[in-house]
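Note sheet for the following structure.
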Amino acid sequence: MADNIHNTDLSSSLVDQVKAAIADNKAIEIVGGGSKSNRPDNVTRQQSDPGLEPAILEVAGNCGIVSYEPTELVVTVRNGTTIAELKSALAEQGQCLPFEPPNYTGADTIGGVIACGLSGPARPYAGSARDYVLGLRLINGKGEYLRFGGEVMKNVAGYDVSRLQVGARGTLGVITEISMKVLPMPQAERTVVRDVASHDESIGILVKESRKPLPVSASACIGDQMMVRLSGSEAAVEAATDDLTADGAGTVDEQGNLFWAALCDQKQEFFTGHSDLAGKPRSSDTPTDPGTETLWRMSVPDYTAQSELADLGSADAWLLEWGGAQRWLRSTSSPAEIYQHAEAVGGHASGFKAQVLVADQPLTGVNQHLHQQLKQAFDPQQLFNRRQ
Amino acid sequence: MTASPQASSPDAHDVNLADPTTQVEREQRRKEAAAALAQWLPQHSILQSREELGPYESDGLTALKQTPLLVVLPETIEQVQAIMRWATETVTPVVARGAGTGLSGGALPHPDGILLGLAKFNRILELNPESGYAVVQPGVRNLAISEAARPHGLYYAPDPSSQIACSIGGNVAENSGGVHCLKYGLTVHNVTQLKVVTADGQLLTIGSHAADSAGYDLLALLTGSEGMLAITVEITVKLLPVPPSARLVMATFASVEDAGLAVGEVIAAGIIPAGLELMDNPAIRAAEAFAKCGYPVDAAALLLCELDGLDAEVAAQIEGVNKVFNDCNAVSQHIANTEEERLLLWKGRKSAFPAVGRLAPDYYCIDGTIPRKTLPEVLRKMDLLSEEYGLRIANVFHAGDGNLHPLILFDSNQPGELERTEELGSRILQLCVEVGGTITGEHGVGMEKINEMCVQFDEQTLLQFHAIKHAFDPLGILNPGKAIPTLQRCAEFGAMHVHNGELPFPELERY
């Protein structure tokens, strides 16, 4: 285990702070590395209940690896551990988190990645963040410190509250500790690039390839280029490279790993090259300012023809990844228009500015009712992350 | 679970209430309920005579039996909705049932409730080879999905040993695993969308054909929720490409500890086998006698290690595994020469339960999961417990993911032996919790392990589970009394154990 990892258990202080907020009838804003949330001082004025200043719960100090045994394929970490530290500790043992947690700013924490349910380029092939969560500890809205799941691969005792927290954005409680499955790093990786005439051509190729037993571990399409990453044993990667380049249209990109890292962390030019999307001072982040571009993440069935979404933006406003299942769009369109398109193809959309979530597909009907009931079950006083 | 017919002897727990006035009242209610449901269901979908109800009085855990008020076998989603609306109006318990192969009594009927059988939902609605998914009804058998996908070079990965008979709806309710879940995951990793009917009869789609959905991950919450939160009426599963090559290494070891060590070393070498199974000598002997599959009966421990993928990849991994097993003092190693031999060697493992069942009139299967490194300690302590209770134990172990299935051999015709077996089982589960594991890896809590939930979770956590249940089912009509114990039940269970001596593992952190 790396010596340079900070190791501090603040859980009892966090429980006390939650209890204090309950006693003072205050809302709580959970703040980790600060990479994905508006700074709270910008938020309070937007609260529907302006009289109630939220208490800030700083969780990034609760950090460090609690236990890690490579042969058990399980790591348990505190929520404030940075992605960078965690990845390097695993890499020392030749292991990794196969869902490729994004690290947007360098300060991103595993707690934030899990709470936001973020996964990198490998997601459709290796599984998502939630797929790798085995257990966690949570402070609920009653100030109770609870433990769900465990450190074993198979566990069906009680409801799967651990995976429910992934993507819940801290609205059901404060995650303080997470146990995750880890896997050996692939022996070999290679990126194949080929020119495509259209996004629909690339989707056609990717959908076809993903029904073959090839070790594809990432895919993307920007402009007229399609990128496919192969990961696995030397032998498997070799064989798959031959398959993908057999028609003479594909070439191996020796710098491919840099591309995937940039894509994962949203440092790729598509994300950074537009001043509307990146580098904005956080204080000016507001939901969908008219006239400025929002970065939309459209999560749709991978086989969805791009032509069905084409009137939302020209080809160069799109970046497709996850075999077509995750499509990024830079757009000034109204949220309603984006949601409607997403829903029409069986997907959903969320809008970001500088990696901060500013808009999210609304829930309706019985689904919305069940969400409210679940929130009530964990957080009856509506303590946590109200603006989510 | 007790899987042999003898378990239905009078010694089995009959949870029927014997109060005669209650019985008269119940007959009256039975007639009323049947008449009410006939508004929405055809007569052949309503079973109410003793003879008709008999086959439904237990699931795969035959030690627990109960006669339901009625069995209903709806044929459409609208009928399921109508049943649930009626159940909500009349506050009638509803227990959903798939193929009835569950091993934890999850589908044990409620004496005042209806048993909602989903057997008629048995169609594959869509199989889309281009996009790699299948939309199926909950009564479709697990293996039938893979059989239908096979001509397209695809299959459905989770393969519980009962896959010939168990239904996909039951797999969702239990979050079933299988021998290949180390590499391919559990049901929760292979299901992308559910259509469910809520307790009050509303139809809801959870998940999607996209990678994720807006809002909370209800798909994860519903999977493995044991029929406590909603009734699943349609399921979309992922179909994966069949690996071009699958090869099986069988290795024997002089001790279970050596074999356990070898498992850790394979993983340390960076190899994730598709399946990695360990059997101890009693299990090897039983399986060989039953399946005649070529296991060496004098081995103390046997590992089955399957590797799959592209030909070249598998060849390289076989080489790696052979070297690891050699370094770990394997007594013998054998690679299945043909596909027939590979399947035969698996048949031995997959029939281990019935095979062990032939060694004694009855057997009781435990489903604890433990951190793999604690295997030697757990086996040693189980040996001591086996002596203490005078009952034999055979062990099969999903070694890759730490899921242990000790099989306790007993004879329910011997007075008190079932009770002693259940107590031994409970002690083994508490041992699993003690070493950092869990009371159930894949069979579910159901009715069987409801007391042990009190060992694994503290009061606040159990109350949080009840709050989740309440969010979905405020009247508590879905599978009442299962999966999550009441605090009162835990108090009684705790009191019983204090009475027997010390509280089990007072030093334990309870979770």
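Please treat every number below as a calculation from the coordinates, not as lab data. If you're wondering where the values come from, they're calculated on a predicted model, not measured in any experiment. When we count neighbours, we look across all protein chains shown, and the Cβ atoms used for this are built from the backbone with ideal geometry, even at glycine.
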Dimensions (Å) - the stretch B:47-109, Cα atoms, principal axes, largest first: 32, 23, 22
Cα pair distances exceeding 20 angstrom across the stretch A:11-184, given as percent: 51 percent
Euclidean distance between Cα centres, the stretch B:31-54 to the stretch A:220-238, Å: 58 Å
For residue B:470 and residue B:76, FRET efficiency with R0 = 22 Å and r from the beta-carbon atoms, rounded to 0.05? 0.15
Can you tell which of A:24, A:195, A:253 shows the greatest fluctuation in a Gaussian network model of chain A with Cα springs below 10 Å? A:24
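Which three semi-axes in whole Å describe the equivalent ellipsoid of the stretch B:245-355, each the square root of 5 times a Cα gyration tensor eigenvalue, listed largest first? Each step should come with its number before you reach the end.
Numbers: eigenvalues 90, 57, 22 Å².
Largest first, the stretch B:245-355 gives 21, 17, 10 Å.
For chain A, what is the Kirkwood hydrodynamic radius in Å, using each pair of distinct C-alpha atoms?
On the way: mean 1/r = 0.0456 Å⁻¹.
In chain A this quantity evaluates to 21.9 Å.
Sorted by mean Cβ packing within 10 Å, highest first, what order do the peptides A:293-306, B:327-340, B:164-177 take? Walk me through the numbers on the way to the answer.
Values: A:293-306: 21.6, B:327-340: 14.1, B:164-177: 27.0.
Order by mean packing, descending: B:164-177, A:293-306, B:327-340.
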Förster radius 30 Å - calculated FRET efficiency between residue A:26 and residue A:310 (Cβ-Cβ, nearest 0.05): 0.05
Which value results for Rg/Rh of the stretch B:259-324 when Rg is the Cα radius of gyration and Rh the Kirkwood radius based on the inverse mean 1/r? 1.03
Computed label-point distance, nm, for sites residue B:297 and residue B:164 using a 7 Å Cα→Cβ extension: 2.2 nm
Using the Cα centre of chain B as the reference point, and only Cβ charges (+1 on K/R, -1 on D/E), how large is the resulting charge dipole? Debye, rounded to the nearest 20. 900 debye
Enter the mean number of other protein chain beta carbons within 10 Å of the beta carbon of each residue in A:232-241, as an integer. 5
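Would you mind putting B:366-377, B:43-54, B:127-138 in packing order, based on average other-beta-carbon counts within 10 Å, highest first? Each step should come with its number before you reach the end.
Details: B:366-377: 22.8, B:43-54: 13.3, B:127-138: 19.5.
The packing order, highest mean first, is B:366-377, B:127-138, B:43-54.
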Could you work out, residue by residue across B:201-208, how many beta carbons of other chains sit within 10 Å of that residue's beta carbon, and then give the average as an integer? 3
Need the full-extension length gain, residue B:255 to residue B:384, defined as separation in residues times 0.36 nm minus the C-alpha distance. One decimal, nm. 44.7 nm
Per the rule of 0.36 nm per residue minus the C-alpha distance, extending residue B:52 to residue B:269 adds in nm 72.6 nm
Reach of residue A:142 by Cα under 25 Å, taken over lysines that are not fewer than 8 positions away in the same chain: A:19, A:26, A:375, B:469
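Suppose every Lys and Arg Cβ carries +1 and every Asp and Glu Cβ carries -1, with no other charges. What dipole size does the protein assembly as shown come out with about its Cα centre, to the nearest 20 debye?
Details: 68 positive and 111 negative charges, 237 e Å.
Dipole of the protein assembly as shown, to the nearest 20 debye: 1140 debye.
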Once you have all Cα-Cα distances for the stretch A:188-265, histogram them in 5 Å bins from zero and send the whole-percent values. 3, 16, 29, 29, 18, 5, 1
Calculate the FRET efficiency for residue A:212 and residue B:29 from the Cβ-Cβ distance with a Förster distance of 56 Å, rounded to the nearest 0.05. 0.45
Could you line up B:86, A:318 from fewest to most neighbouring Cβ atoms inside 10 Å? B:86, A:318
Show me, bin by bin at 20 Å from 0, the whole-percent P(r) of the protein assembly as shown based on Cα pairs. 14, 48, 33, 5, 0
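Cα-Cα pairs above 28 Å in chain B: how many percent? Working shown, then result.
Working: 72033 of 130305 pairs.
When every Cα pair of chain B is considered, 55 percent fall beyond 28 Å.
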May I ask for log10 I(q)/I(0) of the stretch B:360-500 at q = 0.09, 0.13, 0.14, 0.19 Å⁻¹, from a Debye sum over the Cα atoms as equal point scatterers with solvent left out? -0.30, -0.61, -0.71, -1.16
Run the quick spin-label model on residue A:188 and residue A:19: label points 7 Å from Cα toward the beta carbon, then report their separation in nm to one decimal. 5.8 nm
Using θ = phi - 60° and the Karplus form 6.51 cos²θ - 1.76 cosθ + 1.60, what ³J(HN,Hα) does each residue of the stretch B:457-465 get, whole Hz, x for Gly and Pro? 10, 7, 4, 4, 5, 4, 5, 5, 4
Post the alpha-carbon centroid distance, the stretch B:417-466 to the stretch B:286-322, in whole angstrom. 32 Å
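Suppose the chain between residue B:128 and residue B:36 were pulled fully straight at 0.36 nm per residue; how much longer would it get relative to their current alpha carbon spacing?
On the way: separation 92, 0.36 × 92 = 33.12 nm, distance 3.98 nm.
Contour length minus the Cα-Cα distance gives 29.1 nm.
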For residue A:69 paired with residue B:289, estimate the spin-label separation in nm (one decimal), with each label point 7 Å from Cα along the Cα-to-Cβ line. 3.4 nm
To make sure I understand, if each residue's beta carbon is the centre and we count other beta carbons within 10 Å, what order do B:266, B:324 fall in, fewest to most? B:324, B:266
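Count, for each residue of A:298-307, the Cβ atoms from other chains sitting within 10 Å of its Cβ, then give me the mean as a whole number.
On the way: counts 1, 6, 4, 7, 5, 6, 3, 0, 0, 0.
Rounded to a whole number, the mean comes out at 3.
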Footprinting exposure proxy for B:427, A:169, B:349 (fewest neighbouring C-beta atoms within 10 Å first): B:427, A:169, B:349
